[in-house]
Structure formats: C-alpha cells, structure tokens
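Read through the structure below, which is laid out as structure tokens, and then see the notes.
The values are calculated or read from the model by the stated rules, or taken from the named source; none is laboratory data. Being a predicted model, the structure only gives us computed values, none of them experimental. Using ideal geometry, Cβ is built from the backbone for each residue, glycine included, and neighbour counts are taken over all protein chains shown.
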Amino acid sequence: MNRRVTRLREKLAEQGLDALWISQPENRRYLSGFFGTAGFLLISQSAAILATDFRYTEQAAREAPDFQIFQSKGEIPAWLPSLLGGLPIGRLALEATDLTMATYHRIADTVKTAGLPIELVATEGIVERLRAVKEAQEIYSITGAARLADAAAEHCRTVIRRGMTEKDLAWEMEKFMRERGSGPTPFSLIVACGPNAAMPHHHPTTRSIELGEPVIIDIGANVDGYLSDLSRTVCLERQDRTYDKLYNIVLEAQLAAIEYVQAGRPAVEVDQCARDVITRAGYGEAFGHGLGHGVGLAGHEAPRLGPLSDAILEENMVFTVEPGIYIKDWGGIRIEDMVVIENGKARVITQSRK
C-alpha cells in the first residue's frame, strides 16, 4: 500500500477512527491516483476501496492499483450497505467540509436502515493536512506549473497594449499556457485594470487597458494535476506617484514576509509581518485578505496564511505570499509569488520579473 495511505491510517488510529469516507476530489486523487470525476474512497486499517460507477471502473483499476475497485450502481442507499457490511467499522469519519447535508443524511439513513452498528463522525482537514507537506515529485510538478505561469507573465509584457480588453489579455495568457502543455487552468485568470484592480477577484470584462493605470494579472497553470498561482501588477508607459508609492510598499511587505518564513513558525506571524509593513505605511485597511495559501492539487489549500490561521509552517510546504493594497476608484497593487520551505527557509519558486 502506498505511503500516503499508511500515513492516513496512522492519523486515523491517533484519533480513534476506524475508517474515513473520502468524497473530496483532490483528496481522492492524492490518496489513490484516480483522476476520475466520480467516486468515493473508503480507507480503514485493513481495507482501501475505491467505489465508482461503470463509466470509471476500468480507469480506476489502471490508475489506482493499490485499491480494491467496487462498482457502485444507482444511488448511495442501493450499494452502501454491501460496501460497509463486511468491514469491522465502529466509527466512520466523513469529510464535513465536502459532503452536502443531503448526502450526509442519505449515508446516515442508509446506515440506520441497514442496521449497521456504525457511528458517523464529522471531521475536517485530515487528508488536507497530509497534502500540505509536499513530496519531491509534487514539488517538481508544481515547479513545472510555475514555469508556465512565469512564461505567461513575461508573454503578457510583450503583448499588452493600450486599448486591449481585460478579456483579450486573459485569453492571450491562457492560450499561451495551454499551447505549451498546461492542463485546464486552476481558476479563471484575472486581468483587472484601472478601478477594476481595486477588486481582488475581479472577473475580466471588455474594459480597455489605458496608459498609466495599474493592471493586475493573476494566473496559474496545471502540470500533471498540480497547479501554480502568480500575480503581477504592471503599468503601461508612465506611472503616477501613487502607483510607484503603493507598488514599493507592497513589494517591501512581500520581501519582508518571504524573509520571515521559517519552518516551525506560526503562519499568522508571517501574515502579520507583511501586514505591519503595509499598516505602518498607512494602508492597513486597504489590505483586506490573507497573505497567502497553499497550492498543490487545489489552487487554494493548506496551509492558510492569514490573521485567523492556526497553521504551523513545516518543511516542504508550498504556498503563496501575496500582499496587496486596493484603493476604491483608483485600482490596486498585488504581487504574488509561490515559495517552498527548504532547509527551514523560503525558496521562491516563481521567477518572472516583478
């Protein structure tokens, strides 16, 4: 059985859980290797089962050789009793942050109706915490995705022009990455110019890019299912004093936070390091989001770096560092890079010009 499943079983034993029902797609992929879009994992100390329907059974057998493949037919109540019935499970953990209430009730009602002596336990983050610490192959794939995003950011600098719409530039960068091997982008690429750049998650529109205004680009690529996330703020030709001032504050905050990253340090302290720089400059209220987030099989995963984070940074974690300042009716500045903790300190993965 693969090392990831072994680590999961250790965590389950520590928490007094007999098995975990895994519905979250990235967790399913992480533990089994199965890329399919439908299915569940059931992992106990003695069993590792991938339940999926007829469309995916052959694919599942090929991609998840360590797992017993169980063909599900119909809705959950039709096949769940036969899946659970022969296993010694007293406490079955469910992924509370993924299951809908409707699915939870179907599982609970099925277990009760079948007379199975199983207690359902809502859990959060068991597999996600394992995923937060990356293996060498994962870092390799993430680095490949970062290289594509880097190249797209540099390409942006060569094609961006006055009169180009946000949508046109977003498509130009997405097409560039897809033509060079990226899988589906991890999120809808962001291009936000002028006042639109005051919205951190702006969706590209037909607004035209003009001279002298901030343009935030937020892009990511996909290599082998592993993702990247990169933001740059650019300005065509002349920059006004506000742009230069805010850009330098954000850059100072980012560099200070990257330098402050250390294995064993609470993530909230790294967030505060960047936040202090921006607050001292008088723009604390204009930095309203967290400093960063993990990146891997999902675009946003553990660890979280923000004022409410309870994460402790560890060796081989990969995450973004992305402070920003956003001013209504003017625009915004965001600079985002990905880092990996190696030898206790941050190594910056993304390399395109700031």
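Summary table
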item	result
Qualifying positions in the stretch 227-238 - touching a residue at least 24 places away in the same chain (Cβ under 8 Å) and buried (at least 16 other Cβ atoms within 10 Å of the Cβ)	LEU227, SER228, ASP229, LEU230, SER231, ARG232, THR233, VAL234, LEU236
Counted residues, the stretch 322-354 - those being assigned to a loop (DSSP other than H, G, I, E, B) and either among the charged types (D, E, K, R) or at pLDDT below 95 (or both)	5
Residue that is assigned to a strand (DSSP E or B), of a type in the set (A, V, I, L, M, F, W, C) and in contact with a helix residue (DSSP H, G or I) (Cβ under 7 Å, 6 or more places away or on another chain), where the choices are LEU94, LEU8, LEU80	LEU94
Candidate set: the stretch 62-77, residues that are in contact (Cβ under 8 Å) with a residue 12 or more places away in the chain and in a helix (DSSP H, G or I); chosen: the one nearest to GLY39 (Cα to Cα)	ILE76
Residues (assigned to a helix (DSSP H, G or I) and over 14 Å from VAL339 (Cβ atoms)) located in the stretch 272-303	GLN272, ARG275, ASP276, VAL277, ILE278, THR279, ARG280, GLY284, GLU285, ALA286
Output for the stretch 239-267, where each listed residue is buried (at least 20 other Cβ atoms within 10 Å of the Cβ) and among the hydrophobic types (A, V, I, L, M, F, W, C)	LEU246, ILE249, VAL250, ALA253, ALA257, VAL261, ALA267
Residue within the stretch 101-111 that is within 29 Å of THR320 (Cβ to Cβ) and modelled with pLDDT of 95 or more present	no
Residue list for the stretch 162-176, filter: under 22 Å from the mean Cα position of the chain (by Cα) and among the small types (Gly, Ala, Ser)	ALA170
Subset of the stretch 97-141 [under 16 Å from LEU42 (Cα atoms) and assigned to a strand (DSSP E or B)]	GLU119, LEU120, VAL121, ALA122, THR123
